[in-house]
Amino acid sequence: MKAIVAFGSNMGQRQETIEDALKMMEERVGRILAVSEVIETEPYGYTEQDNFLNGAALLDTELSPRRLLEVLQGIEAELGRVRLIHWGPRTIDLDIIFYGDEIIDEEDLHIPHADFAQRTFVLGPICEIAPDTVDPRSGKTVRRLYEELIGGEQ
């Protein structure tokens with residue numbers, strides 16, 4: 001199954017942590033088909049923190065969505081992620097944005113990821129690696145969602 005995982009880091013050795021996370025994902029999740037350019041962005045939500053490095057990876061995985069979430073959270077924990085402040089600083093953040101064309105709404109798992117379509121730091125990197133991915137909720141491609149979002153910001 002094709003899955004898209006967004007990543008971000010704003011604590012410690014950000015680039016090195018992202019590289020470690022990608023290596024761990026390749027070992028534990030499945031083959032990485034593409035990785036976006038890593039971009040520096042301002043914090044979202046809670047803004048009293050350092051800038052982030054953000055990007056996205058396109059994966060081919062045999063893990064179920066639930067198991068994928070568990071493995072990604074395990075990688076986050078190994079790399080020092082501590083959840084203290086909602087949208088707060090973190091060594092690494094790994095979010096499942098898409099899992100094929102599935103829609104999942106559970107207490108702790110939402111696919112497509114909640115609010116992804118309002119975040120340029122998520123849509124931009126995904127647009128770079130998989131622009132024709134269709135959001136199963138809206139029926140729009142990532143490219144179209146991104147264009148609508150950045151058009152609305154101008």
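Every number in this text was worked out from the coordinates using simple rules, so none of it is lab data. Owing to the predicted nature of the structure, the values given are computational and were not obtained by experimental measurement. Virtual Cβ from ideal backbone geometry, glycine too; neighbours counted across all protein chains shown.
Using just its DSSP H runs of length 4 or more, each adding -39500 (n - 2.57), the chain gives a mean residue ellipticity at 222 nm of -10500 deg cm²/dmol after division by all residues.
If you plug the beta carbon distance of Thr141 and Asp50 into 1/(1 + (r/R0)^6) with R0 = 30 Å, you get a FRET efficiency near 0.40.
Convex hull volume per residue, computed on the Cα atoms of the chain, equals 105 Å³. Farthest towards the positive end of the charge dipole of the chain, among the residues Leu79, Gly100, Phe52, is the Cα of Gly100, using unit charges on the Cβ of Lys, Arg, Asp and Glu. Of the residues Leu68, Leu79, Leu123, the one that moves most in a GNM of the chain with alpha-carbon contacts below 10 Å is Leu79.
Charge dipole of the stretch 2-114 (Cα centre as origin; +1 on each Lys and Arg Cβ, -1 on each Asp and Glu Cβ, all else neutral): 180 debye, rounded to the nearest 20.
Below 8 Å between Cα atoms, with a sequence gap of 6+, how large is the relative contact order for the stretch 2-114 in percent?
37 percent
Taking amide H positions as modeled 1.01 Å from N, with prolines and chain starts lacking one, the residues under 5 Å from Ile104 and 5 or more places away or on another chain are Ile111.
Centre-to-centre, using Cα atoms only, the stretch 93-131 and the stretch 2-52 are separated by 14 Å.
Subtracting the Cα-Cα distance of Glu37 and Leu109 from 0.36 nm times their residue separation leaves 23.3 nm of extension gain.
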